[in-house]
Amino acid sequence: METIEKIKYFYETVISENRIDKIAEFISSDCCVKTGEKMIPVGIEGMREHIKATKQTYPDYAMKITRQFCDGDYVISEFVMEGTHTGEWIGIKPTGKRLVFTGINIDKVNNGLIIEHSGAVNTFETLLEAGMIGAI
């Protein structure tokens, strides 16, 4: 499987179907999350915990990759994520609302595994539109 196809499969199948047992086939034990210039080591277990936490808030969420670009070791994936808000998150009580988020993931891949992950999700716009937060 080509790198770009493997990343798409990871998000659309492994993540969307909550196949936590498959994480080690896609994530390096040395994986870091990049936030600005800061690198935070998370490894396989950290990514597994992140996915579990997200699934507790949106148990049925699924991701659809809408576009991808590859530049050297980096795969950039534009996505749409949709799920029902049934768990508390950042102090917001469950609403039962079906929410749609858009975003970008940037993954650095080495030897077929994600060694660096970063990205952004348009959370504010989605929560504002759903009436879950108010405009300032």
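The values are calculated or read from the model by the stated rules, or taken from the named source; none is laboratory data. Source: prediction; values computed, not measured. A quick note on method: Cβ atoms are made from the backbone with ideal geometry, for glycine too, and the neighbour counts reach across all protein chains shown. Remember, those area values only see protein heavy atoms, side chains included, never the ligands or the DNA or RNA. Shrake-Rupley method; radii C 1.70, N 1.55, O 1.52, S 1.80 Å.
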In nanometres, the difference between 0.36 nm per residue of separation and the alpha-carbon distance of Arg19 and Val121 is 34.5 nm
Restricted to the chain, the DSSP antiparallel beta bridge percent, nearest 5, is 90 percent
In Å², rounded to a whole number, the accessible area per residue of the chain with probe 1.4 Å is 57 Å²
Relative to the chain, whose Cα atoms define the longest principal axis, helix 43-57 and its Cα axis are tilted in degrees, nearest 10, by 20 degrees
Evaluated at 20 °C and 1.002 mPa s, the Stokes-Einstein D of the stretch 8-73 based on the Kirkwood radius over Cα pairs, in µm²/s, stands at 165 µm²/s
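Using a probe of 1.4 angstrom, how much of the accessible area of the chain is carbon and sulfur, in percent?
Percent of accessible area from carbon and sulfur atoms in the chain: 53.
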At q = 0.14, 0.17, 0.21 Å⁻¹, the log10 of I(q)/I(0) for the stretch 4-136 from a Debye sum over equal Cα scatterers comes to -0.64, -0.94, -1.35
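Using a 10 Å Cβ count of at most 12 others and DSSP loop calls, identify the longest part of the chain lacking such GluC sites (Glu not before Pro). Display every interim value, and only then the final one.
Numbers: sites that count: Glu2, Glu17, Glu37, Glu88.
With GluC sites (Glu not before Pro) excluded where exposed in loops, the chain gives 38-87 as its longest stretch.
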1/(1 + (r/R0)^6) with r = Cβ-Cβ of Ile40 and Tyr74, R0 = 22 Å, i.e. FRET efficiency to nearest 0.05, evaluates to 0.75
